[in-house]
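Each reported figure results from applying straightforward, stated rules to the coordinates on display, with no laboratory input. Keep in mind that what you see is a predicted model, and the values were worked out from it rather than measured. Cβ atoms come from the backbone with ideal geometry, glycine included; neighbour counts cover every protein chain shown.
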Amino acid sequence: MNEKEFKESVFDYVLGKLSKDKAEQIEIFLRENQDYQGEVDQLKAIYQVAVPTNIPTPSIKMDDKFHEFLEEEIQSNASRKALLVDLGKLFSLDHFFGKFSFATMMLLIGVGVGYFLMDNNSSIHDQLVELQKESDEVEEVRSKLVMALINQPSANKRLQGINEVEKLDQVTETVISALFKTLNNDQNTNVRLAAVGSLSKYTQNPKVREGLVNSLVQQDSPMVQIALAELMVALQERSSVESMQQMLQKPDLNTLAKEKLEQSINVLL
Amino acid sequence: MSKVKAGELEKLGLLYERYKKRLFGFFYQMNLDAELSEDLVQNVFVRVLKYRHSYIDEGQFITWLFKIARNVNYDHFRKSDKLRQVELSRAKNIQLNVKTAEEQITTMEYNDLLQKAMTQLSMDQREVLILSKFKELKYKEIGEVLNCSEANARIKAHRALTALRTIFLEMDK
């Protein structure tokens, strides 16, 4: 390597952008031309110190935040996909629900047309009663949709069914029972977790609270156990302490779940 | 990334594990603020997911990722006032460090002085020097990140290094 080539490549050498062979040529040149050595060493040191490689490590908080975000995205993506598929099927007449929803739509259109063709002299009271009837019919259809989805073999559909519950103004005993059936028997942890979330909105109903307490001992998944224990603490449900103590006796209990249960018992007592 | 684009969102976790430290390093060296850098890393992955459909399976994923990182950083400091404030507070901190370092060993003083010299460079110059530090980024990839040619990226890196040396030697007089 001659001086001209050296001068052309020395910055690339300092920046670490030369191939192994070329870097070696620079080093040979430097050994033979000691005058340049000091200058190159200085430039290398400047770059190394100004842009160090030993920087602080990011905290675990960053990982937690990322995984939380990713989990949310996965869930909402799954729900969006399932909703699109179901909507597609819902309006396909080859499908049972298609026929059902088509019939329901026709009924609602009929009611709507009837409403507009109604005698102008009918009283406001009659109109309100009619509207209420329509609204009840929509609720009934939605409840039926929930029940149908919650019993589907696909976990995504069952999740969608649970999400549909949130759109109901009032939940019937049948829907509550179906949610408990899901919470206690569904094979998918995410579906069971969604059921906990959904049921937690109806805890003003004593039967729901009782059902949640009874469900504690039936859960094998640590995530569901933890979610239920947290809910019991939030509800200040002291009657759950016995169930939690019973769970602590299980030999195969997950360490995290065990810690959460012990904490929850301490809070509640 | 192709799998993430195809809908396997959980695969983003693997990409995060693979690149989080490099991204954090990039932001930290640009801004010298660990907490802010963590937030900016998160923003990068939010954008990766949001714009996954625009990813073209050509070239290296890392260049696409650093392009996003660069935009995230620029967007954060978009308001010049905000940027100026950060620059000022950083320079102030470093000046304080230098003051205390005078009573300490020479190496510390030297390091602080160089850190201060880095802050005197433009954002573009700092960026090209930091990107050059990543072994997997050759001038071609750096050019892709910076939206310029390979030759231009090389010239930018050389100029930034020269500027850094000039500022440092001036300060060290």
Contour minus Cα-Cα distance for A:Lys7 and A:Val138 (0.36 nm per residue): 39.1 nm
Could you compute the FRET efficiency for A:Asn214 and A:Asn77, with r as their C-beta to C-beta distance and R0 at 41 Å, rounded to 0.05? 0.75
Stretchable slack from A:Glu68 to A:Thr255, in nm (0.36 nm times residue separation minus alpha-carbon distance): 65.2 nm
If you take the charge dipole of chain A about its Cα centre, with +1 on Lys and Arg Cβ and -1 on Asp and Glu Cβ, which of A:Pro206, A:Leu235, A:Pro56 is farthest toward its positive end? A:Pro206
May I ask you to sort A:His67, B:His158 by Cβ crowding, counting other Cβ atoms within 10 Å and putting the fewest first? A:His67, B:His158
For the range A:130-184 and the range A:199-224, write down the distance between their C-alpha centroids in whole Å. 18
What is the sum of charges around B:Leu15, taking Lys and Arg as +1, Asp and Glu as -1, for the other residues whose C-beta is under 12 Å from the C-beta of B:Leu15? +4
Full extension from B:Ile56 to B:Tyr74: what is 0.36 nm times the residue separation minus their Cα-Cα distance, to one decimal in nm? 4.2 nm
Strictly greater than 19 Å: what percent of every Cα pair in the range A:138-192 meets that? 17
Go through the range B:111-158 and name the GluC sites (Glu not before Pro) that are in a DSSP coil and have 11 or fewer other Cβ atoms within 10 Å of their Cβ. B:Glu136
State the Kirkwood hydrodynamic radius of the range A:176-269 in Å, one decimal place, computed from all pairs of distinct Cα atoms. 13.0
Space enclosed by the convex hull of the alpha-carbon atoms of chain A, per residue, Å³: 300
Which residues does a label at A:Asn266 reach in the range A:231-251, if reach means a backbone N under 19 Å from a point 7 Å past the Cα toward the Cβ? A:231-238, A:240-249
Treating only the Cβ of Lys, Arg, Asp and Glu as charged (+1, +1, -1, -1), what charge dipole size does the range A:9-54 show about its Cα centre? Round to the nearest 20 debye. 200
Rank the residues A:Met232, A:Met147 as a footprinting-exposure proxy: fewest other Cβ atoms within 10 Å of their Cβ go first. A:Met147, A:Met232
Can you compute the FRET efficiency between B:Lys67 and A:Gln37 using 1/(1 + (r/R0)^6), with r the Cβ-Cβ distance and R0 = 41 Å? Round to the nearest 0.05. 0.60
